[in-house]
1. Across the range 101-133, what is the total count of residues that are buried (at least 19 other Cβ atoms within 10 Å of the Cβ) and touching a helix residue (DSSP H, G or I) at 6+ places or on another chain (Cβ under 6 Å)?
2. Among the residues that make up the range 68-79, is at least one of them modelled with pLDDT of 80 or more, touching a Ser or Thr at 6+ places or on another chain (Cβ under 6 Å) and under 24 Å from Asp25 (Cα atoms)?
3. Are there any pairs, at least 6 apart or on different chains, whose C-beta atoms fall under 6 Å, with the first in the range 31-52 and over 10 Å from Thr20 (Cβ atoms) and the second assigned to a loop (DSSP other than H, G, I, E, B) and at pLDDT below 70, and if so, which?
4. Give the residue, chosen from Leu31, Leu16, that is touching an Asp or Glu at 6+ places or on another chain (Cβ under 6 Å) and modelled with pLDDT of 75 or more.
Amino acid sequence: MMPTCFQGCSSIAVTLQAATLTAVDAILYLLQSQEVGRAPPVAINLNGGRHHAQASGFSYVNDVVLGVQRLLSKGKMKRVLVVDIDVHHGDGTQEAFYYSEKVTTVSFHLHEPGFFFGTGTDTEIGAERGKYDNFNVPLQRGITDEQLHGVSSAL
């Protein structure tokens, strides 16, 4: 018997991933039907962005990766940029595309000694065909506006 703390997890994961894939499908549909010169379509899953997808306790399904894969397989996109802004490193997204030249990942996250996960250093840049397509921006607690501006200038 499943402990009560896990009841409903699978249905939440399925709903979350379905919402992201529906948002991606809406974007693809709008891009195909859009008149030239109009603003690009935007679709957001406000409960999405589950970027771990490991047994670490944060998320079971990486809807970001599923959405990007849908964009690449069904859309006419040749490349996709994923910008991840979160207190934790987007480790699952990085891992999924570390060797891919089709997806560039940028993760802004807290990185301090002893802070969970301990991944996401600026030396993790991708590998093989994906070399230089992975960017980590490890930040310290209490970053100032001036320091953040320095980070954005460096990018």
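1. 2
2. Quick first cut of the range 68-79, residues modelled with pLDDT of 80 or more only: 68-74, 77-79.
Of the ones still in play, those that are also touching a Ser or Thr at 6+ places or on another chain (Cβ under 6 Å) are none.
The answer is no; no qualifying residue exists.
3. Filtered contacts from the range 31-52: His52/Phe58.
4. Numbers: Leu31 fails: touching an Asp or Glu at 6+ places or on another chain (Cβ under 6 Å).
Selected residue: Leu16, the only one of Leu31, Leu16 that is touching an Asp or Glu at 6+ places or on another chain (Cβ under 6 Å) and modelled with pLDDT of 75 or more.
The values are calculated or read from the model by the stated rules, or taken from the named source; none is laboratory data. What you see is a predicted model, and the numbers here were worked out from it, not measured in a lab. Every residue, glycine among them, receives a Cβ derived from its backbone with ideal geometry; neighbour counts consider all protein chains shown.
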